[in-house]
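Chemist: Quick one: the structure is below, and I'll ask about it shortly.
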Amino acid sequence: MDQSLTKSDFIGHDDHAPAAKRSWMFARPDHKTGIVSWLTTVDHKRIGFLYGITALFFFLVGGAEALMIRTQLAVPNNTFISAQTYNEMFTMHATTMIFLAVMPLSAAFFNYIMPLQIGARDVAFPRLNGFAFWVFLAGAIILNVGFFHKAGLPDVGWFGYAPMTAKAFSSEFVGDNSTDLWVMGLQVLGVSSVVGSLNFLVTIINMRAPGLTMMRLPVFTWMTLFTAFLIVLSFPAITIALVEVMMDRNFGTNFFEVSGGGLPILWQHLFWVFGHPEVYILILPAMGIISEILPCFSRKPLFGYPIVVFSGAVIGFLGFGVWSHHMFTTGMGTVATAAFSMATMTIAVPTGVKIFNWIGTLWKGHLMMRTPMMFALGFVWMFMTGGMSGIMHSAAPADAQQQDSYFIVAHFHYVLIGGSIFALLAGIHYWFPLMFGRKVSEKAGKWSFWIIFVGFNLTFFPMHFLGLNGMPRRTFTYDGNMGWTSANQLATLGSYILGIGIAYYFIVMIYTYFKGEKVGRDPWDGRTLEWSIPNPPPAHNFDVTPTVHARDAFWYEKTHQAEIAAEKAKKAAEDEAHGGIHMPSNSWFPFITAAGMLIGSLCFAFHYIPGAIVGLGITFFGAWMWSVEGPGGYHLHPTKSDGDASSASH
């Protein structure tokens, strides 16, 4: 079926581009602007946007849960919330922040930025990419059903230590289904993560632009690759553990039931075999973002690029060999404790190497202190602080004293908020002009940085002293004579300042989306290929597939314009001779398949087997229809004039 494209079909074009070039920048023939287009989209940029909006929503939800926790601890013997609600809040806060905020926000950047950085028109499997998002949303819904149902919220901690997940404990205070919802939600989220990661692996390995060798890849793309490998290799461990919990709870097995010969410590080993690589799943994308921002605003190439890449690979490899440093107090024995202690000290080396390379990048650079740079420098400083306290925990005697104290809470928040969140906020500022064609006000952006920076440090730095003074974590109140009141009040005050800073940050972003200063392409004088296209990017990304000649590909293009123009003209003629640019068409079936998983998982968690069977049937129907749908798609002919541009048959 042939469909004509007219000027009204153009989207995201660069007003400063010549008229002949604007004819390339049109919408896809099956592009709609309503909700159907979002439910059926396979465009990696739209899917990245969906991940980002959903992750930011849950980031605010997780922040609200954190404020409830801090309000309860503001004064001794507080009754703001009950002990049971407190248990539910710290369980959901950590689960939400890790699985529903930081991971999907990283996935948003993976989806949106990575294909642009490698010169691809989309990911390798566009419909599978859409399926990964809808499955993620299904898992998020399952985890949060307890907010709206008498089943209640899980109260087992994000770590779900056995035997607290046994029915005897989970049914004592809350609905019998709360832990089942937690188990099923995490399993569904695992499907999304693994499917998405396999897609990213294939995309990076097979779909790079000509000339883009592995050692020319942007560091953010390298970190995407390493993170995808970590997810694919580590998630089977947590999947096995969750299946065993499900079997214990619903089918009478005894994997973790002591009365039946089970071993609760088995859960800890399986969980932390996943849980420690998970730490690097959260931080490696942040390191990739920082490695893009610092060179751009230092006006010089990344110092020690091969070492930065290699250190990321070493972090990923060693991350699988340090899981038991979370278990120094479980009685593993001196040999195991010594081995994991040494491995933990070793993994600090490649992390330190990255920091020295970032400092080398800054050294004698022409620094531009824009808002993304401010957040990036904040990341470096606070991640170093969290890393130094982490090295302390590699010594088992010190860890034995600090274990389950607020010192640990301070440590991992400096790593995951001072680290991951600051880098992700930097990335939003940095790529916002690319995504939406508008630039955030520097004054407003820097105000948001300083409010967040002050609030964060005021919240979490006093927790180091609370921990050293013996305050245990996961305790909903304390007595006034313990000497913890002042530090808790400071931390609670800081948490509200931090909340105000985050709220202000998002208000600024929303305002910028509608009213911000419009900018042309490449407002930062970027280094990488994503800055070489109009903003917002057109559906097909690149007019012609770029040929890469150097590591900083776009900087090379700017200094060799005649050479690049001749290459693009030749490539455009070749594309037209082969039928134009092929793009995938939208599809309902990823959404339908994910909806079946949502229905089936919810019904199984509530022990409604007929509904679970129906959900399974919908899943299989969606997958079968997906498989017989065929490759589909359409061809774009951008070399034609505005009125003549047309598409080939679907």
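Chemist: Once amide H atoms are placed 1.01 Å from N in the peptide plane, what residues at a sequence separation of 5 or more from H582, or on another chain, have their amide H within under 5 Å of its amide H?
Modeler: Under 5 Å from the amide H of H582: L636.
Chemist: Can you tell me the length gained on complete extension of the stretch E629 to M345, counting 0.36 nm per residue apart and subtracting the Cα distance?
Modeler: Working: separation 284, 0.36 × 284 = 102.24 nm, distance 5.20 nm.
Extra length from E629 to M345 when fully extended: 97.0 nm.
Chemist: Using the alpha-carbon centroid of each, what span in Å lies between the stretch 104-139 and the stretch 509-584?
Modeler: Distance between centres, Cα-based: 19 Å.
Chemist: Follow-up. Which entries in K354/K446; K300/K364; K446/K558; K354/K439; K45/K443 show an alpha-carbon gap greater than 18 Å?
Modeler: Values: K354/K446 26 Å; K300/K364 9 Å; K446/K558 30 Å; K354/K439 29 Å; K45/K443 28 Å.
Pairs exceeding the cut-off: K354/K446; K446/K558; K354/K439; K45/K443.
Chemist: So if R0 is 56 Å, what FRET efficiency would H366 and T79 give, r being the distance between their Cβ atoms, rounded to the nearest 0.05? Mind showing how you got there, number by number?
Modeler: Numbers: r = 56 Å, r/R0 = 1.01.
Efficiency, from the Cβ-Cβ distance: 0.50.
Chemist: How large is ³J(HN,Hα), in whole Hz, for each residue of the stretch 104-109 in order, when computed from phi with the Karplus curve 6.51 cos²θ - 1.76 cosθ + 1.60 and θ = phi - 60°, using x for Gly and Pro?
Modeler: With coefficients 6.51, -1.76 and 1.60, one gets x, 5, 4, 4, 4, 5 Hz.
Chemist: Taking N as the number of residues in the stretch 206-305, what value does Rg over Cα atoms divided by 2.2 N^0.38 Å take? Please list the in-between numbers first.
Modeler: Numbers: Rg = 20.3 Å, N = 100, 2.2 N^0.38 = 12.7 Å.
Expressed relative to 2.2 N^0.38 Å, the Cα Rg reads 1.60.
Chemist: If you don't mind, another one. List T79, T547, T227, T337 from most exposed to least, where exposure is judged by having the fewest other Cβ atoms within 10 Å. Each step should come with its number before you reach the end.
Modeler: Working: T79 9, T547 18, T227 28, T337 21.
Exposure proxy ranking, most exposed first: T79, T547, T337, T227.
Chemist: Neighbour counts of other C-beta atoms within 10 Å: give me M246, M382 arranged from fewest to most. Before the final figure, lay out the partial values.
Modeler: Working: M246 20, M382 23.
Fewest to most other Cβ atoms nearby, the residues stand as M246, M382.
Chemist: Helix-only estimate, please: 222 nm mean residue ellipticity of the chain, summing -39500 (n - 2.57) across DSSP H runs of length 4 or more and dividing by its residues, to the nearest 500. Intermediate values should be presented prior to the final figure.
Modeler: Details: 22 runs with 406 residues, N = 650.
Mean residue ellipticity at 222 nm (helix-derived): -21000 deg cm²/dmol.
Only the coordinates and a few stated rules stand behind these numbers; no lab work does. Since the model is a prediction, treat every value here as computed from it, not as a measurement. For neighbour counting, all protein chains shown are included, and Cβ atoms are generated from backbone atoms with ideal geometry for every residue, glycine included.
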